[in-house]
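Single-structure report; data block below.
The values are calculated or read from the model by the stated rules, or taken from the named source; none is laboratory data. Since we're looking at a predicted model, the values are computed, not measured. Please note: Cβ atoms are built from the backbone with ideal geometry, for glycine as well, and neighbour counts cover all protein chains shown. What goes into the accessible areas is simple: the full protein's heavy atoms, side chains included, and nothing from ligands, DNA or RNA. Shrake-Rupley method; radii C 1.70, N 1.55, O 1.52, S 1.80 Å.
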Amino acid sequence: MKTAQKTDRIILIVLALLLVLAVIRQVLPSSKEGEASDQKTGPVTYEDYNGKNIGIMSGTHLDAETFHYFPDSEYFYFDGYADLNIALENHLIDAYLGDEPSLKSIHAQQPQIDYIKERLTNNKYSFAFRKDDPEEAAILAEFNEFLQELKSSGEYEEIDSLWFGTDEEKKVVDMSDLTGENGTLRVITTPTDEPFSYIKDGKLVGYDIDVTVRFCRARGYDVEFVEGDYSARIPALVSGRVEFTTTMNVTPEREESVLFSEAVSEGGLVVAVRSEDLNAEAEAEVDDSVPFYKKIANSFYKNFIRENRWKEILKGLGTTCLITASAIILGTVLAFLICLLRRTGSRLGNLLCDLFVKLMQGTPSVVLLMILFYVVFIKTGLSAVSVAIIGFAMNFGAYASEIIRSGIDSIDPGQREAALALGYSENQAFFRFILPQAALYFLPVYRGEAVSLLKSTSVVGYITVLDLTKMSDIIRARTYEAFFPLIATAVLYFLLSWIISLIIKAIIRHIDTKRSRKAKEVSA
(Lines give C-alpha, C1' and ligand atoms only; values in the text may rest on other atoms or scores of the structure.)
Protein backbone atom coordinates (compact mmCIF):
# COMPACT_ATOMS: atom_id res chain seq x y z
CA MET A 1 0.00 0.00 0.00
CA LYS A 2 2.81 2.43 0.92
CA THR A 3 4.62 1.68 -2.33
CA ALA A 4 1.46 2.42 -4.32
CA GLN A 5 0.94 5.71 -2.49
CA LYS A 6 4.53 6.72 -3.11
CA THR A 7 4.16 5.90 -6.81
CA ASP A 8 0.98 8.01 -6.99
CA ARG A 9 2.79 10.96 -5.42
CA ILE A 10 5.67 10.68 -7.88
CA ILE A 11 3.28 10.56 -10.83
CA LEU A 12 1.40 13.63 -9.56
CA ILE A 13 4.65 15.54 -9.06
CA VAL A 14 5.85 14.69 -12.58
CA LEU A 15 2.51 15.74 -14.09
CA ALA A 16 2.57 19.01 -12.13
CA LEU A 17 6.11 19.75 -13.35
CA LEU A 18 5.13 19.05 -16.95
CA LEU A 19 2.16 21.41 -16.63
CA VAL A 20 4.35 24.16 -15.15
CA LEU A 21 6.88 23.74 -17.96
CA ALA A 22 4.10 23.96 -20.53
CA VAL A 23 2.82 27.19 -18.98
CA ILE A 24 6.32 28.67 -18.91
CA ARG A 25 6.86 27.68 -22.53
CA GLN A 26 3.61 29.38 -23.47
CA VAL A 27 4.06 32.72 -21.76
CA LEU A 28 7.80 33.23 -22.29
CA PRO A 29 9.00 34.47 -25.69
CA SER A 30 10.02 31.70 -28.03
CA SER A 31 13.68 31.34 -28.81
CA LYS A 32 15.15 30.68 -32.19
CA GLU A 33 16.24 27.23 -33.05
CA GLY A 34 20.02 27.26 -33.03
CA GLU A 35 21.84 30.30 -34.31
CA ALA A 36 20.10 33.03 -36.23
CA SER A 37 19.94 32.44 -39.94
CA ASP A 38 22.54 34.06 -42.09
CA GLN A 39 21.70 37.74 -42.40
CA LYS A 40 21.18 38.81 -45.93
CA THR A 41 22.27 42.19 -47.21
CA GLY A 42 19.38 43.85 -48.98
CA PRO A 43 15.63 43.36 -48.73
CA VAL A 44 14.15 39.95 -47.97
CA THR A 45 12.19 38.43 -50.86
CA TYR A 46 10.01 35.37 -51.24
CA GLU A 47 12.82 33.55 -53.10
CA ASP A 48 14.78 33.46 -49.83
CA TYR A 49 12.21 31.01 -48.43
CA ASN A 50 12.26 28.49 -51.24
CA GLY A 51 13.56 25.23 -49.80
CA LYS A 52 12.37 26.04 -46.26
CA ASN A 53 9.32 24.75 -44.35
CA ILE A 54 6.18 26.38 -45.75
CA GLY A 55 2.69 26.28 -44.22
CA ILE A 56 -0.49 25.98 -46.27
CA MET A 57 -4.06 26.76 -45.21
CA SER A 58 -6.10 23.66 -46.00
CA GLY A 59 -9.31 23.92 -48.03
CA THR A 60 -8.10 26.90 -50.08
CA HIS A 61 -6.49 27.54 -53.46
CA LEU A 62 -3.23 28.38 -51.72
CA ASP A 63 -1.68 24.94 -52.14
CA ALA A 64 -1.22 25.42 -55.91
CA GLU A 65 0.19 28.93 -55.40
CA THR A 66 2.55 27.65 -52.70
CA PHE A 67 3.83 24.83 -54.92
CA HIS A 68 4.46 27.39 -57.66
CA TYR A 69 6.41 29.91 -55.61
CA PHE A 70 8.20 27.44 -53.31
CA PRO A 71 8.83 24.35 -55.45
CA ASP A 72 11.74 23.03 -53.37
CA SER A 73 10.13 23.38 -49.96
CA GLU A 74 8.56 20.96 -47.50
CA TYR A 75 4.86 21.65 -46.96
CA PHE A 76 2.70 21.50 -43.83
CA TYR A 77 -1.10 21.92 -43.80
CA PHE A 78 -3.01 23.87 -41.13
CA ASP A 79 -6.70 24.69 -40.69
CA GLY A 80 -6.51 28.47 -40.44
CA TYR A 81 -4.48 31.59 -39.76
CA ALA A 82 -4.41 30.96 -36.01
CA ASP A 83 -2.66 27.60 -36.41
CA LEU A 84 -0.37 28.96 -39.12
CA ASN A 85 0.72 31.86 -36.92
CA ILE A 86 1.38 29.63 -33.92
CA ALA A 87 3.46 27.30 -36.11
CA LEU A 88 5.33 30.25 -37.62
CA GLU A 89 6.07 31.90 -34.29
CA ASN A 90 7.39 28.65 -32.84
CA HIS A 91 9.62 27.87 -35.85
CA LEU A 92 7.63 24.85 -36.98
CA ILE A 93 7.37 26.59 -40.36
CA ASP A 94 9.31 29.49 -41.85
CA ALA A 95 6.62 31.19 -43.93
CA TYR A 96 3.19 30.83 -45.49
CA LEU A 97 1.12 32.49 -48.20
CA GLY A 98 -1.83 34.61 -47.11
CA ASP A 99 -4.14 37.39 -48.25
CA GLU A 100 -2.66 40.82 -47.66
CA PRO A 101 -5.77 42.31 -45.92
CA SER A 102 -5.85 39.47 -43.40
CA LEU A 103 -2.12 39.68 -42.71
CA LYS A 104 -2.35 43.42 -42.12
CA SER A 105 -4.89 42.72 -39.39
CA ILE A 106 -2.78 39.88 -37.97
CA HIS A 107 0.34 42.05 -37.82
CA ALA A 108 -1.57 44.81 -36.01
CA GLN A 109 -2.56 42.39 -33.23
CA GLN A 110 0.49 40.12 -33.32
CA PRO A 111 3.58 42.25 -34.11
CA GLN A 112 5.88 39.22 -34.08
CA ILE A 113 4.19 38.13 -37.33
CA ASP A 114 4.88 40.29 -40.39
CA TYR A 115 4.83 39.86 -44.15
CA ILE A 116 7.00 40.67 -47.13
CA LYS A 117 5.43 43.73 -48.75
CA GLU A 118 5.99 42.42 -52.28
CA ARG A 119 2.69 41.12 -53.71
CA LEU A 120 2.99 37.84 -55.55
CA THR A 121 -0.44 38.21 -57.14
CA ASN A 122 -3.12 40.85 -57.49
CA ASN A 123 -6.42 39.33 -56.41
CA LYS A 124 -10.07 40.25 -56.30
CA TYR A 125 -12.32 39.20 -53.43
CA SER A 126 -15.96 38.61 -54.21
CA PHE A 127 -19.09 37.01 -52.79
CA ALA A 128 -19.96 33.67 -54.45
CA PHE A 129 -23.39 32.46 -55.62
CA ARG A 130 -24.70 29.14 -56.90
CA LYS A 131 -24.63 28.46 -60.64
CA ASP A 132 -27.51 27.31 -62.85
CA ASP A 133 -30.21 28.63 -60.52
CA PRO A 134 -32.56 31.42 -61.74
CA GLU A 135 -33.34 32.58 -58.19
CA GLU A 136 -29.64 32.78 -57.40
CA ALA A 137 -29.01 34.74 -60.58
CA ALA A 138 -31.69 37.24 -59.53
CA ILE A 139 -30.13 37.66 -56.08
CA LEU A 140 -26.69 38.09 -57.66
CA ALA A 141 -28.06 40.82 -59.95
CA GLU A 142 -29.56 42.58 -56.92
CA PHE A 143 -26.28 42.27 -55.05
CA ASN A 144 -24.21 43.71 -57.91
CA GLU A 145 -26.66 46.59 -58.21
CA PHE A 146 -26.36 47.22 -54.48
CA LEU A 147 -22.54 47.29 -54.68
CA GLN A 148 -22.77 49.96 -57.37
CA GLU A 149 -25.05 51.99 -55.10
CA LEU A 150 -22.53 51.68 -52.25
CA LYS A 151 -19.71 52.93 -54.43
CA SER A 152 -21.65 55.84 -55.94
CA SER A 153 -22.91 57.03 -52.54
CA GLY A 154 -19.53 56.93 -50.84
CA GLU A 155 -20.74 54.32 -48.35
CA TYR A 156 -18.24 51.83 -49.75
CA GLU A 157 -15.27 53.95 -48.60
CA GLU A 158 -16.90 54.29 -45.19
CA ILE A 159 -17.13 50.49 -44.79
CA ASP A 160 -13.57 50.04 -46.03
CA SER A 161 -12.08 52.59 -43.63
CA LEU A 162 -14.10 51.16 -40.72
CA TRP A 163 -13.02 47.52 -40.94
CA PHE A 164 -9.46 48.15 -42.12
CA GLY A 165 -9.00 50.94 -39.59
CA THR A 166 -7.85 50.82 -35.98
CA ASP A 167 -10.88 52.17 -34.10
CA GLU A 168 -12.16 48.99 -32.43
CA GLU A 169 -15.01 50.81 -30.69
CA LYS A 170 -16.77 51.47 -34.00
CA LYS A 171 -16.40 47.92 -35.31
CA VAL A 172 -19.98 46.74 -34.79
CA VAL A 173 -22.64 45.53 -37.22
CA ASP A 174 -26.13 47.04 -37.00
CA MET A 175 -28.55 44.12 -37.33
CA SER A 176 -31.70 46.22 -36.92
CA ASP A 177 -34.43 46.84 -39.52
CA LEU A 178 -34.05 43.47 -41.27
CA THR A 179 -37.69 43.11 -42.30
CA GLY A 180 -37.49 39.76 -44.09
CA GLU A 181 -40.41 40.69 -46.34
CA ASN A 182 -38.64 39.07 -49.29
CA GLY A 183 -37.48 36.03 -47.34
CA THR A 184 -34.38 34.99 -45.44
CA LEU A 185 -30.98 34.52 -47.05
CA ARG A 186 -28.61 31.92 -45.62
CA VAL A 187 -25.01 33.00 -45.91
CA ILE A 188 -22.00 30.88 -44.97
CA THR A 189 -18.92 32.53 -43.51
CA THR A 190 -15.75 31.57 -41.68
CA PRO A 191 -15.68 33.25 -38.24
CA THR A 192 -11.89 33.09 -37.96
CA ASP A 193 -11.02 35.40 -40.87
CA GLU A 194 -10.46 38.82 -39.33
CA PRO A 195 -11.21 41.53 -40.51
CA PHE A 196 -13.68 39.97 -42.96
CA SER A 197 -15.59 37.74 -40.53
CA TYR A 198 -14.89 37.11 -36.85
CA ILE A 199 -16.45 36.89 -33.38
CA LYS A 200 -16.29 39.99 -31.18
CA ASP A 201 -18.10 40.30 -27.84
CA GLY A 202 -19.95 37.10 -28.69
CA LYS A 203 -21.32 38.51 -31.97
CA LEU A 204 -20.41 37.91 -35.58
CA VAL A 205 -18.84 41.03 -37.10
CA GLY A 206 -16.51 41.99 -39.91
CA TYR A 207 -16.28 43.59 -43.33
CA ASP A 208 -18.22 40.83 -45.12
CA ILE A 209 -20.87 40.68 -42.40
CA ASP A 210 -21.43 44.44 -42.59
CA VAL A 211 -21.82 44.41 -46.38
CA THR A 212 -24.19 41.43 -46.24
CA VAL A 213 -26.42 42.98 -43.58
CA ARG A 214 -26.59 46.31 -45.42
CA PHE A 215 -27.60 44.50 -48.61
CA CYS A 216 -30.33 42.51 -46.84
CA ARG A 217 -31.68 45.65 -45.17
CA ALA A 218 -31.75 47.57 -48.46
CA ARG A 219 -33.50 44.77 -50.40
CA GLY A 220 -35.97 43.60 -47.73
CA TYR A 221 -34.30 40.33 -46.69
CA ASP A 222 -33.53 38.82 -43.34
CA VAL A 223 -30.21 36.98 -42.98
CA GLU A 224 -29.11 33.77 -41.29
CA PHE A 225 -25.36 33.32 -41.01
CA VAL A 226 -24.00 29.79 -41.12
CA GLU A 227 -20.52 29.52 -39.62
CA GLY A 228 -18.19 26.92 -41.09
CA ASP A 229 -14.63 26.17 -42.13
CA TYR A 230 -13.27 27.75 -45.29
CA SER A 231 -13.29 24.35 -46.98
CA ALA A 232 -17.04 23.98 -46.25
CA ARG A 233 -18.11 27.12 -48.09
CA ILE A 234 -18.34 25.97 -51.70
CA PRO A 235 -19.76 22.50 -50.82
CA ALA A 236 -22.48 24.21 -48.75
CA LEU A 237 -23.22 26.60 -51.60
CA VAL A 238 -23.25 24.03 -54.39
CA SER A 239 -25.41 21.64 -52.34
CA GLY A 240 -28.04 24.33 -51.75
CA ARG A 241 -27.48 24.66 -48.01
CA VAL A 242 -26.91 28.41 -48.39
CA GLU A 243 -27.76 31.14 -50.90
CA PHE A 244 -24.25 32.62 -51.07
CA THR A 245 -20.91 32.80 -49.30
CA THR A 246 -18.93 35.72 -47.97
CA THR A 247 -15.90 36.91 -49.91
CA MET A 248 -13.25 34.62 -51.25
CA ASN A 249 -10.43 34.91 -53.72
CA VAL A 250 -11.64 34.68 -57.33
CA THR A 251 -9.84 31.91 -59.23
CA PRO A 252 -10.57 30.29 -62.63
CA GLU A 253 -11.12 26.91 -60.96
CA ARG A 254 -13.70 28.34 -58.57
CA GLU A 255 -15.43 30.14 -61.43
CA GLU A 256 -16.17 26.71 -62.89
CA SER A 257 -18.32 25.89 -59.83
CA VAL A 258 -19.82 29.19 -58.66
CA LEU A 259 -20.80 32.67 -59.84
CA PHE A 260 -18.88 35.60 -58.38
CA SER A 261 -20.21 39.05 -57.68
CA GLU A 262 -18.39 42.20 -58.67
CA ALA A 263 -15.19 42.66 -56.70
CA VAL A 264 -15.85 43.90 -53.19
CA SER A 265 -12.22 44.45 -52.30
CA GLU A 266 -8.81 43.97 -53.84
CA GLY A 267 -5.51 42.78 -52.52
CA GLY A 268 -3.04 40.05 -53.25
CA LEU A 269 -1.06 37.15 -51.93
CA VAL A 270 1.94 37.96 -49.76
CA VAL A 271 4.36 35.87 -47.75
CA ALA A 272 3.91 35.84 -43.97
CA VAL A 273 7.15 35.54 -42.01
CA ARG A 274 8.45 36.20 -38.51
CA SER A 275 9.12 39.88 -37.83
CA GLU A 276 12.60 39.01 -36.56
CA ASP A 277 13.44 37.63 -40.02
CA LEU A 278 12.56 40.96 -41.63
CA ASN A 279 13.98 43.10 -38.86
CA ALA A 280 16.78 41.81 -36.66
CA GLU A 281 15.78 44.27 -33.92
CA ALA A 282 12.17 43.09 -33.77
CA GLU A 283 12.91 40.51 -31.11
CA ALA A 284 14.32 43.20 -28.84
CA GLU A 285 10.83 44.71 -28.62
CA VAL A 286 9.71 41.90 -26.28
CA ASP A 287 9.17 43.32 -22.79
CA ASP A 288 10.96 41.02 -20.32
CA SER A 289 10.17 43.30 -17.38
CA VAL A 290 6.65 41.90 -17.00
CA PRO A 291 6.58 39.39 -14.10
CA PHE A 292 5.86 35.75 -14.89
CA TYR A 293 2.58 35.63 -12.97
CA LYS A 294 1.34 38.74 -14.77
CA LYS A 295 2.03 37.12 -18.14
CA ILE A 296 -0.11 34.17 -17.14
CA ALA A 297 -2.85 36.44 -15.79
CA ASN A 298 -2.79 38.56 -18.96
CA SER A 299 -2.98 35.48 -21.16
CA PHE A 300 -5.89 34.09 -19.13
CA TYR A 301 -7.70 37.44 -19.30
CA LYS A 302 -7.11 37.72 -23.03
CA ASN A 303 -8.45 34.24 -23.79
CA PHE A 304 -11.42 34.01 -21.42
CA ILE A 305 -12.40 37.32 -19.83
CA ARG A 306 -11.94 39.84 -22.63
CA GLU A 307 -15.10 40.12 -24.76
CA ASN A 308 -16.65 37.48 -22.45
CA ARG A 309 -14.98 34.71 -24.42
CA TRP A 310 -15.75 32.22 -21.67
CA LYS A 311 -19.34 32.38 -22.86
CA GLU A 312 -18.24 31.01 -26.23
CA ILE A 313 -16.67 28.04 -24.45
CA LEU A 314 -19.90 27.41 -22.52
CA LYS A 315 -21.96 27.68 -25.70
CA GLY A 316 -19.73 25.13 -27.43
CA LEU A 317 -19.81 22.92 -24.35
CA GLY A 318 -23.62 22.92 -24.43
CA THR A 319 -23.64 21.90 -28.09
CA THR A 320 -21.16 19.07 -27.44
CA CYS A 321 -23.24 17.80 -24.50
CA LEU A 322 -26.44 17.93 -26.56
CA ILE A 323 -24.95 15.97 -29.45
CA THR A 324 -23.25 13.42 -27.18
CA ALA A 325 -26.23 12.75 -24.89
CA SER A 326 -28.73 12.57 -27.76
CA ALA A 327 -26.50 10.31 -29.85
CA ILE A 328 -25.89 7.94 -26.92
CA ILE A 329 -29.61 7.64 -26.15
CA LEU A 330 -30.72 7.20 -29.78
CA GLY A 331 -27.73 4.97 -30.55
CA THR A 332 -28.52 2.71 -27.61
CA VAL A 333 -32.14 2.35 -28.74
CA LEU A 334 -30.89 1.54 -32.25
CA ALA A 335 -28.42 -1.00 -30.84
CA PHE A 336 -31.19 -2.83 -28.94
CA LEU A 337 -33.39 -2.85 -32.04
CA ILE A 338 -30.55 -4.41 -34.03
CA CYS A 339 -30.04 -7.06 -31.33
CA LEU A 340 -33.76 -7.85 -31.17
CA LEU A 341 -33.98 -8.10 -34.95
CA ARG A 342 -31.09 -10.55 -34.93
CA ARG A 343 -32.83 -12.65 -32.24
CA THR A 344 -35.85 -13.17 -34.49
CA GLY A 345 -33.78 -15.56 -36.59
CA SER A 346 -34.69 -13.79 -39.84
CA ARG A 347 -31.97 -14.36 -42.43
CA LEU A 348 -32.84 -11.12 -44.22
CA GLY A 349 -32.86 -9.23 -40.91
CA ASN A 350 -29.44 -10.62 -39.98
CA LEU A 351 -28.08 -9.73 -43.41
CA LEU A 352 -29.33 -6.13 -43.16
CA CYS A 353 -27.96 -5.77 -39.64
CA ASP A 354 -24.55 -7.14 -40.64
CA LEU A 355 -24.44 -4.82 -43.65
CA PHE A 356 -25.34 -1.77 -41.54
CA VAL A 357 -22.79 -2.59 -38.83
CA LYS A 358 -19.97 -3.22 -41.31
CA LEU A 359 -20.84 -0.03 -43.22
CA MET A 360 -20.70 2.08 -40.06
CA GLN A 361 -17.51 0.42 -38.83
CA GLY A 362 -15.80 0.98 -42.17
CA THR A 363 -16.79 4.65 -42.61
CA PRO A 364 -14.90 7.41 -40.75
CA SER A 365 -17.19 9.58 -38.64
CA VAL A 366 -16.31 12.80 -40.45
CA VAL A 367 -17.00 11.25 -43.86
CA LEU A 368 -20.34 9.89 -42.62
CA LEU A 369 -21.32 13.32 -41.30
CA MET A 370 -20.46 15.05 -44.57
CA ILE A 371 -22.40 12.49 -46.62
CA LEU A 372 -25.45 12.93 -44.40
CA PHE A 373 -25.19 16.73 -44.33
CA TYR A 374 -24.36 17.48 -47.96
CA VAL A 375 -26.09 14.55 -49.71
CA VAL A 376 -28.69 12.56 -47.75
CA PHE A 377 -30.45 15.32 -45.79
CA ILE A 378 -29.66 18.19 -48.14
CA LYS A 379 -33.30 18.83 -49.10
CA THR A 380 -34.87 18.23 -45.69
CA GLY A 381 -33.85 21.45 -43.98
CA LEU A 382 -32.47 19.57 -40.97
CA SER A 383 -30.06 21.63 -38.91
CA ALA A 384 -26.41 20.69 -38.76
CA VAL A 385 -26.77 19.73 -35.08
CA SER A 386 -29.65 17.35 -35.91
CA VAL A 387 -27.60 15.76 -38.68
CA ALA A 388 -24.67 15.35 -36.28
CA ILE A 389 -26.91 13.63 -33.74
CA ILE A 390 -28.26 11.25 -36.39
CA GLY A 391 -24.80 10.48 -37.73
CA PHE A 392 -23.24 9.74 -34.35
CA ALA A 393 -26.33 7.78 -33.23
CA MET A 394 -25.95 5.54 -36.29
CA ASN A 395 -22.26 5.06 -35.65
CA PHE A 396 -22.71 4.44 -31.92
CA GLY A 397 -25.65 2.10 -32.52
CA ALA A 398 -23.56 -0.08 -34.82
CA TYR A 399 -20.72 -0.47 -32.33
CA ALA A 400 -22.99 -0.75 -29.29
CA SER A 401 -25.05 -3.49 -30.95
CA GLU A 402 -21.93 -5.64 -31.24
CA ILE A 403 -21.00 -4.89 -27.63
CA ILE A 404 -24.48 -5.80 -26.39
CA ARG A 405 -24.60 -8.93 -28.52
CA SER A 406 -21.27 -10.15 -27.13
CA GLY A 407 -22.62 -9.64 -23.60
CA ILE A 408 -25.80 -11.58 -24.37
CA ASP A 409 -23.84 -14.40 -26.00
CA SER A 410 -21.73 -14.75 -22.84
CA ILE A 411 -24.80 -15.83 -20.80
CA ASP A 412 -25.23 -19.59 -20.43
CA PRO A 413 -28.12 -20.80 -22.67
CA GLY A 414 -29.33 -22.78 -19.68
CA GLN A 415 -30.54 -19.50 -18.13
CA ARG A 416 -33.06 -19.07 -20.93
CA GLU A 417 -34.14 -22.70 -20.81
CA ALA A 418 -34.65 -22.55 -17.05
CA ALA A 419 -36.78 -19.41 -17.35
CA LEU A 420 -38.92 -21.00 -20.08
CA ALA A 421 -39.32 -24.13 -17.96
CA LEU A 422 -40.66 -21.97 -15.12
CA GLY A 423 -43.39 -20.66 -17.40
CA TYR A 424 -41.89 -17.35 -18.50
CA SER A 425 -42.36 -16.24 -22.10
CA GLU A 426 -39.46 -15.72 -24.47
CA ASN A 427 -39.54 -11.92 -23.96
CA GLN A 428 -39.90 -12.22 -20.18
CA ALA A 429 -36.95 -14.60 -20.02
CA PHE A 430 -34.83 -12.19 -22.04
CA PHE A 431 -35.66 -8.94 -20.25
CA ARG A 432 -35.93 -10.33 -16.68
CA PHE A 433 -33.05 -12.78 -16.61
CA ILE A 434 -30.71 -12.69 -19.60
CA LEU A 435 -30.40 -8.93 -20.22
CA PRO A 436 -29.67 -7.89 -16.58
CA GLN A 437 -26.89 -10.48 -16.37
CA ALA A 438 -25.53 -9.55 -19.79
CA ALA A 439 -25.49 -5.86 -18.82
CA LEU A 440 -22.86 -6.55 -16.17
CA TYR A 441 -20.61 -7.90 -18.94
CA PHE A 442 -21.19 -5.36 -21.69
CA LEU A 443 -21.63 -2.08 -19.74
CA PRO A 444 -17.89 -1.60 -18.96
CA VAL A 445 -17.09 -1.87 -22.69
CA TYR A 446 -20.17 0.23 -23.51
CA ARG A 447 -18.77 2.92 -21.20
CA GLY A 448 -15.56 3.10 -23.22
CA GLU A 449 -17.53 3.39 -26.46
CA ALA A 450 -19.62 6.24 -25.01
CA VAL A 451 -16.45 8.13 -24.04
CA SER A 452 -15.06 7.48 -27.51
CA LEU A 453 -18.24 8.96 -29.00
CA LEU A 454 -17.80 12.12 -26.93
CA LYS A 455 -14.27 12.61 -28.25
CA SER A 456 -15.37 11.88 -31.82
CA THR A 457 -17.82 14.80 -31.75
CA SER A 458 -14.85 17.15 -32.07
CA VAL A 459 -15.11 16.78 -35.88
CA VAL A 460 -18.60 18.31 -36.18
CA GLY A 461 -17.03 21.62 -37.23
CA TYR A 462 -16.76 20.10 -40.72
CA ILE A 463 -20.54 20.44 -41.07
CA THR A 464 -20.74 23.97 -39.62
CA VAL A 465 -21.53 22.99 -36.00
CA LEU A 466 -19.97 25.27 -33.38
CA ASP A 467 -19.06 22.74 -30.72
CA LEU A 468 -16.51 22.94 -27.91
CA THR A 469 -13.52 22.32 -30.21
CA LYS A 470 -14.71 24.83 -32.80
CA MET A 471 -15.28 27.53 -30.19
CA SER A 472 -11.71 26.95 -29.02
CA ASP A 473 -10.56 27.49 -32.62
CA ILE A 474 -12.52 30.74 -32.81
CA ILE A 475 -10.89 32.05 -29.63
CA ARG A 476 -7.44 31.09 -30.90
CA ALA A 477 -8.18 32.92 -34.15
CA ARG A 478 -8.75 36.12 -32.17
CA THR A 479 -6.02 35.83 -29.55
CA TYR A 480 -3.40 33.92 -31.57
CA GLU A 481 -2.62 31.91 -28.44
CA ALA A 482 -2.99 28.15 -28.22
CA PHE A 483 -2.23 27.20 -24.63
CA PHE A 484 -5.25 28.30 -22.60
CA PRO A 485 -7.97 27.58 -25.21
CA LEU A 486 -6.63 24.09 -25.89
CA ILE A 487 -5.98 23.26 -22.24
CA ALA A 488 -9.50 24.42 -21.31
CA THR A 489 -10.94 22.28 -24.10
CA ALA A 490 -8.94 19.23 -23.00
CA VAL A 491 -9.98 19.67 -19.36
CA LEU A 492 -13.65 19.98 -20.28
CA TYR A 493 -13.51 16.85 -22.46
CA PHE A 494 -11.83 15.04 -19.56
CA LEU A 495 -14.54 16.14 -17.13
CA LEU A 496 -17.31 15.10 -19.52
CA SER A 497 -15.64 11.71 -20.01
CA TRP A 498 -15.39 11.31 -16.24
CA ILE A 499 -19.07 12.18 -15.79
CA ILE A 500 -20.10 9.62 -18.43
CA SER A 501 -17.98 6.98 -16.68
CA LEU A 502 -19.51 7.81 -13.29
CA ILE A 503 -23.06 7.56 -14.66
CA ILE A 504 -22.47 4.18 -16.27
CA LYS A 505 -20.63 2.88 -13.17
CA ALA A 506 -23.64 3.90 -11.08
CA ILE A 507 -25.92 1.97 -13.45
CA ILE A 508 -23.67 -1.10 -13.14
CA ARG A 509 -23.75 -0.89 -9.33
CA HIS A 510 -27.54 -0.52 -9.37
CA ILE A 511 -28.01 -3.57 -11.60
CA ASP A 512 -25.54 -5.61 -9.57
CA THR A 513 -27.19 -4.66 -6.26
CA LYS A 514 -30.66 -5.41 -7.61
CA ARG A 515 -29.48 -8.77 -8.98
CA SER A 516 -27.82 -9.68 -5.65
CA ARG A 517 -31.00 -8.80 -3.76
CA LYS A 518 -33.08 -11.02 -6.04
CA ALA A 519 -30.61 -13.85 -5.60
CA LYS A 520 -30.87 -13.58 -1.80
CA GLU A 521 -34.69 -13.59 -2.00
CA VAL A 522 -34.64 -16.73 -4.16
CA SER A 523 -32.20 -18.54 -1.84
CA ALA A 524 -34.29 -17.56 1.18
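Side notes on the structure shown:
- Stretch in the chain that is longest and holds no GluC sites (Glu not before Pro) that DSSP places in a loop and that have at most 11 other beta carbons within 10 Å: 282-524
- Accessible surface of the chain, 1.4 Å probe, proportion on carbon and sulfur as whole %: 58 percent
- Listed residue pairs exceeding 23 Å between alpha carbons, taken from K170/K200; K104/K294; K151/K203; K104/K200; K171/K311: K104/K294; K151/K203
- Calculated FRET efficiency, I503 to Q109, Cβ-Cβ distance, R0 = 25 Å: about 0.05 to the nearest 0.05.
- Radius 13 Å from Cβ of P235, net charge of other residues (Lys, Arg +1; Asp, Glu -1): +3
- Less than 5 angstrom separates the built amide H of G268 from those of E100, N123, all sequence-distant by 5 or more or on a different chain.
- Counting only residues at least eight positions apart within a chain, or on another chain, the aspartates and glutamates with an alpha carbon under 14 Å from that of K455 are D467.
- Ranking by accessible area, most exposed first, for R219, R274, R509 with a 1.4 Å probe: R509, R219, R274
- The trypsin sites (Lys or Arg not before Pro) of region 379-438 that meet both conditions, a loop assignment by DSSP and at most 11 other Cβ atoms within 10 Å of the site Cβ, are K379.
- From helices alone, the chain scores -18000 deg cm²/dmol at 222 nm; the rule is -39500 (n - 2.57) for each run of n ≥ 4 DSSP H residues, then divide by the residue total.
- With all protein chains kept in place, the per residue accessible area of the chain amounts to 51 square angstrom at a probe of 1.4 angstrom.
- Amide H within-cut-off set for V226, under 5 Å, with H built and near neighbours excluded: V187, I188, T189
- Of H61, H68, the residue with the largest accessible area leads and the full order is H68, H61 (1.4 Å probe).
- Gain in span if fully extended, K117 to D512, counting 0.36 nm per residue against the direct Cα distance: 135.2 nm
- The HN-Hα couplings worked out from phi for region 250-264 by the Karplus form 6.51 cos²θ - 1.76 cosθ + 1.60 (θ = phi - 60°) are 7, 10, x, 5, 5, 5, 6, 9, 9, 9, 9, 6, 4, 4, 8 Hz, whole numbers, x standing for Gly and Pro.
- Segments 318-325, 127-134, 493-500 sorted - mean Cβ within 10 Å per residue, highest first: 318-325, 127-134, 493-500
- Near I56, the amide H atoms lying under 5 Å from its own belong to F76, Y77, F78; only residues 5 or more places off or on other chains count, and H is placed 1.01 Å from N.
- Charge tally in the Cβ shell below 14 Å around V459, where Lys, Arg are +1 and Asp, Glu are -1, V459 excluded: -2
- The local environment of A138, defined by Cβ-Cβ distances under 14 Å, has a net charge of -4 under the rule Lys, Arg +1 and Asp, Glu -1.
- Ranking by accessible area, most exposed first, for T184, T166 with a 1.4 Å probe: T166, T184
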